[in-house]
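Below is one structure, written out as structure tokens, with a few remarks after it.
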Amino acid sequence: QVQLVESGGGLVQAGGSLRLSCAASGRTFSSYVMGWFRQAPGKEREFVSTITWGGARTFAESVKGRFTISRDNAKNTVYLQMNSLKPEDTAVYYCAAARIYYSSAKESEYDYWGQGTQVTVSS
């Protein structure tokens, strides 16, 4: 069992930056693929980024060049650095963990989810 707790959300102006953190419980964190997803009001949840245990990174087209993902296995934490934020980035951001060995943008492949953290970007 893995528990995920996100933090770092908040209100920021367009063009600003935020760094989200996701702290995971459990001793096998380093073996999980970690992902970030988001859900805007009235929309379905969508993929944002993922990082494998080996450090391979994948990003949604909408955030490429603006967001970066990293992980610190010693701290059982994954980060999402969000720069050049836009109003359309406003959403609840979720951290997720998957017991797979490849990058995946599919929600169904993720076994554990955090409660989410709100990110609001004002214009």
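The values are calculated or read from the model by the stated rules, or taken from the named source; none is laboratory data. Predicted, not measured: the structure shown is a model, and the values here were computed from it. Quick reminder, even Gly has a Cβ in these numbers, built from the backbone with ideal geometry, and neighbours come from all protein chains shown. SASA here: full protein model, heavy atoms, side chains in, ligands and nucleic acids out. Shrake-Rupley method; radii C 1.70, N 1.55, O 1.52, S 1.80 Å.
Taking amide H as placed 1.01 Å from N in the peptide plane, Arg71 has its amide H under 5 Å from the amide H of Tyr79, each at least 5 places away in sequence or on another chain. Placing +1 on the Cβ of every Lys and Arg and -1 on the Cβ of every Asp and Glu, with no other charges, gives the chain a dipole of roughly 260 debye about its Cα centre.
On full extension, the segment bounded by Arg57 and Glu88 gains 8.9 nm, given 0.36 nm per residue less the C-alpha separation.
Ignoring any ligand, DNA or RNA, what whole percent of the accessible area of the chain comes from carbon and sulfur when the probe is 1.4 angstrom? Here it works out to 47 percent. Solvent exposure of the chain, expressed per residue, is 51 Å² of accessible area, with all protein chains present and a 1.4 angstrom probe. Rounded to the nearest whole Hz, the Karplus-based 3J(HN,Hα) values (6.51 cos²θ - 1.76 cosθ + 1.60, θ = phi - 60°) of the range 16-21 follow the sequence x, 9, 9, 10, 8, 10, with x at glycine and proline.
Sequentially through the range 75-82, phi angles give Karplus couplings (6.51, -1.76, 1.60; θ = phi - 60°) of 9, 6, 9, 10, 10, 10, 8, 10 Hz, Gly and Pro residues having no value and appearing as x. Net length available on complete extension from Lys75 to Ser30 is 15.2 nm, with 0.36 nm assigned per residue and the Cα-Cα distance removed. Considering Cα pairs under 8 angstrom that are at least six residues apart, work out the relative contact order of the chain and quote it in whole percent. Relative contact order of the chain: 36 percent.
Of all lysines in the structure, those lying under 22 Å Cα to Cα from Lys43, and not within fewer than 8 positions of it along the same chain, are Lys64, Lys86, Lys106. For Thr90, the amide hydrogen comes within under 5 Å of the amide hydrogens of Val121, counting only partners 5 or more places away or on other chains and with H modelled in the peptide plane. Per-residue 3J(HN,Hα) values for the range 5-15, derived from phi via the Karplus relation 6.51 cos²θ - 1.76 cosθ + 1.60 with θ = phi - 60°, read 10, 8, 7, x, x, x, 9, 9, 7, 4, x Hz in sequence order (x marks Gly and Pro).
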